[in-house]
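Novice: This is the structure I want to talk about, given as structure tokens.
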Amino acid sequence: MQKIMIIEDDMIIASTLKQHLEKWNYDVLVEKDFEHILEHFVEYNPHLVLLDISLPFYDGYHWCQKMR
């Protein structure tokens, strides 16, 4: 099963994305702890990350660079 990690601080958007992706049999994780994104990324090991740019603490550009 393909794993997708959603990093979005608007929970309405994140939950809507999660519901739609799960209908297509994806395993979806919605990140809620925006201080420990990198640790959860490594632990979950997703195939795809949907990453918002405007996040609390650090922006999406920061986290994208760390994940790469």
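Novice: Among the residues of the range 49-67, write down those that are assigned to a loop (DSSP other than H, G, I, E, B) and either of a type in the set (D, E, K, R) or in contact (Cβ under 8 Å) with a residue 60 or more places away in the chain (or both).
Specialist: Those that are assigned to a loop (DSSP other than H, G, I, E, B) and either of a type in the set (D, E, K, R) or in contact (Cβ under 8 Å) with a residue 60 or more places away in the chain (or both): ASP52, ASP59.
Novice: Looking at the range 21-36, is at least one residue at pLDDT 95 or above, assigned to a strand (DSSP E or B) and surrounded by fewer than 16 Cβ atoms within 10 Å (Cβ to Cβ)?
Specialist: Within the range 21-36, one or more residues are at pLDDT 95 or above, assigned to a strand (DSSP E or B) and surrounded by fewer than 16 Cβ atoms within 10 Å (Cβ to Cβ).
Novice: On the basis of being part of a helix (DSSP H, G or I), charged (D, E, K, R) and open to solvent by 70 Å² or more (accessible area, probe 1.4 Å), does GLU43 make the cut?
Specialist: When the stated conditions are applied, GLU43 passes them.
Novice: Taking only pairs six or more apart or across chains, which ones have beta-carbon atoms under 8 Å, a first residue in the range 27-48 that is without any contact (Cβ under 8 Å) to a residue 40 or more places away in the chain, and a second residue that is in a loop (DSSP other than H, G, I, E, B) and acidic (Asp, Glu)?
Specialist: VAL30/GLU8; GLU31/GLU8; PHE34/ASP9; ILE37/GLU31; HIS40/GLU31; HIS40/ASP33
The values are calculated or read from the model by the stated rules, or taken from the named source; none is laboratory data. Being a predicted model, the structure only gives us computed values, none of them experimental. When we count neighbours, we look across all protein chains shown, and the Cβ atoms used for this are built from the backbone with ideal geometry, even at glycine. Ligands, DNA and RNA are excluded from the accessible area calculation, which covers all protein heavy atoms including side chains. Shrake-Rupley method; radii C 1.70, N 1.55, O 1.52, S 1.80 Å.
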